[in-house]
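The values are calculated or read from the model by the stated rules, or taken from the named source; none is laboratory data. All of these numbers come straight from a predicted model, not from anything done at the bench. Every residue, glycine as well, gets a Cβ built from its backbone with ideal geometry; the counts of neighbours run over all protein chains shown. Each accessible area value is taken on the protein alone, full model and side chains, heavy atoms only, with ligands, DNA and RNA left out. Shrake-Rupley method; radii C 1.70, N 1.55, O 1.52, S 1.80 Å.
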Amino acid sequence: MAEEKLLLAERAEGDPAVAVLTLNRPKALNALNAALLGELADTLEALDADDEVRCVVLTGSERAFAAGGDIKQMSDSTAAEMVKRESPNPWKRIAAARKPLVAAVSGFCLGGGLELAMTCDMIVASETARFGQPEISLGIIPGAGGTQRLTHAVGKARAMELVLTGRQISAAEAFDAGLLTRVVPEADYLSEAVALAGEVARQAPLAAQLGKDAVLKAHASLLEVGLDYERRNFLVLFSTEDKAEGMAAFKEKRKPEFKGR
Ligand code: CAA
């Protein structure tokens, strides 16, 4: 039997200028493992080189955009192994995409899933979407922009609460906080995202790419320093007993007992 594809890539029906990428690990709630992130980065680079495509929609399933980095993969990884895997870092390759990216989000959008959505340029969410940075409950912190892009999007007060408690928020709360472009009924989130991408795709392509580039420059120098800083703290936590306990507890479906070492 052919292996299931981790990432589905197609063109929007009736609009070949819009590419639709679908994260496809439904049994793991689209947990982002190294293979999926690598494939996403490869695909975005290929789409950047494809003149027919002018805007990209990234989506998951109704139940989950993505429930985070793959904890089962990370639980077996030491800090040293994580550091070795840093080059090239797929998150940096995804963030370097030149064409505008619209995240179409339904269901769980947590941890690395939220970081991925925030790496996109706009987020269209279903009313049922849930957002959060639950890494602290695993004894780690966000490691792909969660402490940085979230703070830029919603401000220190709210970002701090989400990062330090792991609380999930609804689409309505996320919209009020400034995280989302639009919230729509669950039946419409993908078609709305494709329509928004179509609107972008009808604009002058170079202007759209340079407009994106310029908006991203609003925080670029701060963001670059912050992302590197976050990544170092993230990697340091992979050498703690609390990380091992937090991830073992997730896999064993029990509450972790953290000891501060
Ligand atoms: N990694 C690996 N597997 C995951 C996963 C993840 N992030 N999230 C869910 N899964 C798996 C579950 O282990 C489960 O698999 P099994 O059937 O083999 O047990 C399957 O997906 C379905 O999940 P649940 O049974 O847990 O579904 P639920 O509806 O009861 O709960 C949930 C849903 C609240 C999202 C829960 O799955 C959950 O808490 N997931 C983890 C969320 C999280 O902590 N994310 C942060 C990850 S760390 C990170 O992202 C670091 C980074 O910055 C890169």
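Would you kindly work out the equivalent ellipsoid of region 185-261 from its C-alpha gyration tensor and give its semi-axes, the square roots of five times the eigenvalues, largest first in whole Å? Before the final figure, lay out the partial values.
Values: eigenvalues 327, 106, 11 Å².
They are 40, 23, 7 Å, listed from largest to smallest.
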- [ ] Using +1 at the Cβ of each Lys and Arg and -1 at the Cβ of each Asp and Glu in the chain, identify which of 21, 87, 191 lies farthest towards the dipole's positive end.
- [x] 87
Open item on the list: Can you return the lysines within cross-link range of residue 243? Criterion is Cα-Cα under 23 Å, with same-chain partners fewer than 8 residues away left out.
Closed with: 72, 84, 251, 253, 255, 259
Task: Relative contact order [Cα under 8 Å, 6+ residues apart], region 7-141, whole percent - done: 24 percent
Open item on the list: For q values of 0.10, 0.13, 0.20, 0.22 Å⁻¹, compute log₁₀ I(q)/I(0) with the Debye formula on a Cα-only model of region 1-138, without solvent.
Closed with: -0.32, -0.54, -1.26, -1.46
Task: 10 Å-binned pair-distance histogram of region 158-230 (Cα, whole percent) - done: 15, 30, 38, 17, 1
Open item on the list: Let me check against my output: what whole-number percent is the relative contact order of the chain, with C-alpha pairs under 8 Å and at least 6 apart?
Closed with: 20 percent
Open item on the list: Could you compute how fast the chain diffuses translationally, taking Rh as the Kirkwood radius over C-alpha pairs and applying Stokes-Einstein at 4 °C with viscosity 1.567 mPa s? Give it in µm² per second.
Closed with: 70 µm²/s
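For region 18-95, what is one quarter of the convex hull surface built on the Cα atoms, given in nm²?
Here the figure is 5.6 nm², rounded to one decimal.
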Task: Calculated [θ] (222 nm, deg cm²/dmol) that DSSP helices of n ≥ 4 give over the chain, each run adding -39,500 (n - 2.57) - done: -13500 deg cm²/dmol
Open item on the list: Rounded to the nearest angstrom and ordered from largest down, what semi-axes does the equivalent ellipsoid of region 144-195 get from its C-alpha gyration tensor (root of 5λ)?
Closed with: 24, 12, 9
Task: Long-range amide H partners of residue 182 with built H, under 5 Å - done: 123, 125
TODO: With a 1.4 Å probe and every protein chain left in place, work out the accessible area per residue of region 1-108 in Å², rounded to a whole number.
DONE: 49 Å²
Task: residue 187-residue 62 pseudo-label distance in nm [points 7 Å out on the Cα-to-Cβ vector] - done: 1.1 nm
Task: Where GluC sites (Glu not before Pro) fall in DSSP loop in region 54-99, at most 16 other Cβ within 10 Å - done: 62, 86
Task: Contour excess over end-to-end distance, with Cα ends at residue 84 and residue 213 and 0.36 nm allotted per residue - done: 43.5 nm
- [ ] Report the local net charge at residue 243: Lys and Arg +1, Asp and Glu -1, summed over other residues whose C-beta lies under 11 Å from its C-beta.
- [x] -3
Open item on the list: Using a 1.4 Å probe on the protein heavy atoms, what percent of the accessible area of the chain belongs to carbon and sulfur?
Closed with: 56 percent
- [ ] Starting from the Cα gyration tensor of region 76-220, multiply each eigenvalue by 5, take the square root, and state the resulting semi-axes largest first in whole Å.
- [x] 25, 21, 14
